[in-house]
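The values are calculated or read from the model by the stated rules, or taken from the named source; none is laboratory data. A quick note: this is a predicted structure, and the numbers were derived from the prediction, not measured. Because the Cβ atoms are built from the backbone with ideal geometry, glycine has one as well, and the counts that use them run over all protein chains shown. Heads up: the accessible areas ignore ligands, DNA and RNA and are worked out on the full protein's heavy atoms, side chains in. Shrake-Rupley method; radii C 1.70, N 1.55, O 1.52, S 1.80 Å.
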Amino acid sequence: MQALEYVAPASLDEAVAALAKHGATARVLAGGTDVIIQAREGRRQVGVMVDIKGIKEATSFSFGSDGSLTVGAAAPCARLYGDAEVQKRFPALVDSASLIGGIQIQSRASLGGNLCNSSPAADSIPTLIALGGVCNIIGPSGKRDVPVEDFCTAPGQNVLQAGELLVSITFPAPAANSGAAFERFIPRNEMDIAVVNAAASVALSADGSKFESARIAVGAVAPTPLYVKAAGDALAGKPVSEATIDAAAAAASDAAKPITDMRGSAAQRKHLAGVLTKHVINTAIARAKGA
Amino acid sequence: MTGRTYVSARINGEQRDFLVEPRQSLLETLRDELGMTGAKEGCNNGNCGACNVIVNGSLVNACCVLGVECNGAEIVTIEGVADGETLHPLQTSFLENAALQCGICTPGFIVAAKALLDKEPDADEARIRHWLAGNLCRCTGYDKIVRAVLDAADDMRRAPAKA
């Protein structure tokens with residue numbers, strides 16, 4: 001691996017100072033399951049690793065009094081999906097966190113790292129979008145918030161400017177009678193990169209007969225994970241029926257602009273975007289109804 | 001500090017103080033600095049599990065961890081799995097079940113299986129297969145490995161003191 005420096009700031013202020021001092025060659029180190037490999041293979045130039053795992057805000061996760069959840073950018077997936085409250089209140093996060101790599105990866109990898117790596121096929125990002133996640137970013141000019149759907153800008157690229165750091169992601173409290181789910185299509189059972197993935201979050205009326213609102217996101221079908229507003233709009237205010245769900249699935253399929261590569265053809269991916277959207281909406285409905 | 005950095009960690013119950021370059025992975029640290037060559041380099045990119053070690057109770061790929069990150073850590077490697085000359089039930093079971101051929105993946109499988117059975121002594125076949133999905137074996141076809149872990153779990157439940 002290229003020679004590098006290692007710094008482990010103990011606070012956000014120290015982290016921002018370290019990033020400012022070392023400039024564009026500084027990379028934030030969370031679980032390291034992407035960045036260490038990229039540095040070793042020369043796919044990213046890294047002069048300084050700024051390890052944020054000594055910073056409480058970046059490694060902890062906690063529920064606010066309003067029921068919101070804030071997840072530190074470096075909190076490992078395994079700790080998140082092992083938490084009983086997260087399992088109960090945010091099962092879609094468990095869906096994603098428990099299939100990013102194997103257990104060895106989940107011990108270290110984090111949602112924040114998965115987001116900052118900004119892969120079009122990232123297995124947490126559609127879920128983060130569907131749940132209405134907001135990125136809490138800190139940098140030399142202070143703090144700013146960015147909705148997750150606006151974070152990724154191209155494969156491997158995102159809105160973080162030089163010197164900025166993703167601290168955590170905040171999810172609003174789930175609405176009454178709501179549910180969310182994530183699903184990935186791969187040709188084997190475990191340990192593969194998504195051909196397509198999708199997430200849905202739905203809020204139902206009290207009697208469960210109609211959709212109050214919904215958010216749908218699909219991945220591996222465009223240069224960035226896609227928030228498909230049209231698919232959520234196709235559900236909002238409509239009865240919970242196969243026809244409504246089919247319309248949302250069609251909207252997700254329409255929004256997909258996939259490429260053909262070794263993992264699948266563009267046509268297969270477009271089809272899968274619809275199929276998976278239908279699946280995740282149905283799972284989200286079942287969860288909303290407490291099934 | 002691109003130079004060598006002082007790190008102090010407990011490895012297999014023994015306090016070890018050593019110097020590493022920040023660019024060295026934990027795997028390189030173990031193998032090249034500490035002479036512990038039990039953990040293997042397979043893919044060196046987080047896919048194969050041959051370098052599995054347990055850091056602070058969590059199973060990790062040592063190739064995806066920097067040595068400098070391990071200051072103050074508690075690390076268990078394959079070298080710490082046997083009790084002196086007495087093999088761990090998993091090691092015995094791998095031998096009895098012929099759960100290896102070339103053996104490169106074996107340390108990783110045993111450390112990974114130990115991490116599972118330490119937490120979940122009643123793990124069933126589905127759970128074992130799911131847990132071991134991050135460990136690749138190109139020789140055995142996995143069945144003998146899974147059977148070895150099931151047998152070891154059975155032995156450990158019957159004689160927990162030996163585990």
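A compact table of results
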read-out: Placed amide H near A:LEU29: partners under 5 Å, 5+ positions off or other chain; value: A:VAL50, A:ASP51, A:ILE52
read-out: A:ILE259/A:GLN45 FRET efficiency (R0 22 Å; Cβ-Cβ; nearest 0.05); value: 0.25
read-out: Kirkwood estimate for the stretch B:89-158, i.e. one over the average of 1/r between Cα atoms, Å; value: 11.6
read-out: Table column - 3J(HN,Hα) (Hz), the stretch B:44-57, Karplus curve with 6.51, -1.76, 1.60, x for Gly and Pro; value: 6, 9, x, 9, 9, x, 5, 9, 4, 9, 10, 10, 6, x
read-out: Residue-by-residue Karplus 3J(HN,Hα) for the stretch A:149-156, coefficients 6.51, -1.76, 1.60, Hz, glycine and proline x; value: 5, 9, 7, 7, 10, 5, x, x
read-out: Antiparallel bridges, percent of DSSP beta bridges restricted to the stretch B:1-138 (to nearest 5); value: 90
read-out: Charge sum, other residues only, whose C-beta stays under 11 Å from A:SER62's C-beta, Lys/Arg counted +1 and Asp/Glu -1; value: -2
read-out: Cα-only radius of gyration and Dmax that characterise the stretch B:5-79, units Å; value: 10.8, 30
read-out: Relative contact order, percent, the stretch A:209-291 [alpha-carbon distance under 8 Å, six or more residues apart]; value: 27
read-out: Residue with peak Gaussian network fluctuation, chain B [Cα springs, cutoff 10 Å], from B:LYS119, B:LYS144, B:LYS40; value: B:LYS119
read-out: Per-residue ³J(HN,Hα) for the stretch A:200-212, Karplus 6.51 cos²θ - 1.76 cosθ + 1.60, θ = phi - 60°, Hz, x for Gly and Pro; value: 9, 10, 10, 10, 9, 5, 4, 8, x, 8, 9, 7, 7
read-out: Spin-label model distance (nm) - A:LYS289 vs A:ALA20, 7 Å beyond Cα toward Cβ; value: 5.5
read-out: Gained length - B:TYR6 relative to B:ARG138, 0.36 nm times residue gap less alpha-carbon distance; value: 43.8 nm
read-out: Pairwise label distance in nanometres, B:ASN45 with A:ASN282, each label 7 Å out on the Cα-Cβ vector; value: 3.6
read-out: Semi-axis lengths, Å, the stretch A:5-171, gyration tensor of Cα atoms, sqrt of 5 times eigenvalues; value: 24, 17, 15
read-out: Separation between Cα centres of the stretch B:50-88 and the stretch A:196-210, rounded to whole Å; value: 43
read-out: Using distinct alpha-carbon pairs, which all enter the 1/r mean, Kirkwood radius of chain A in Å; value: 19.2
read-out: Length-normalised contact order for chain B - Cα pairs under 8 Å, 6+ apart - percent; value: 23
read-out: Chain A - mean residue ellipticity at 222 nm from DSSP helices (-39,500 (n - 2.57) per run, n ≥ 4, rounded to 500); value: -9500 deg cm²/dmol
read-out: Global form of the stretch A:211-263, assessed from the alpha-carbon gyration tensor, a/c cut-off 1.5; value: prolate
read-out: Efficiency of FRET from Cβ geometry, B:GLU85 and B:ARG127, R₀ 25 Å, rounded to 0.05; value: 0.20
read-out: Within a Gaussian network of chain B (alpha carbon springs, distance under 10 Å), most fluctuating of B:GLU41, B:GLU125, B:GLU85; value: B:GLU85
read-out: On Cα atoms only, tilt of A:266-288 relative to the major axis of chain A in degrees; value: 80
read-out: GNM result for chain A, Cα springs below 10 Å: residue of A:ARG144, A:ARG27, A:ARG108 fluctuating most strongly; value: A:ARG144
read-out: Average other protein chain Cβ within 10 Å of Cβ, residues B:57-63; value: 6
read-out: Compactness index (Cα Rg / 2.2 N^0.38 Å), chain B; value: 1.03
read-out: The protein assembly as shown - percent of accessible surface contributed by carbon and sulfur, probe 1.4 Å; value: 51
read-out: Mean-position separation - Cα centroids, the stretch A:137-192 and the stretch A:54-91, in angstrom; value: 14
read-out: Scattering curve values for the stretch A:141-268, log₁₀ I(q)/I(0), Debye with Cα scatterers, q = 0.12, 0.14 Å⁻¹; value: -0.57, -0.76
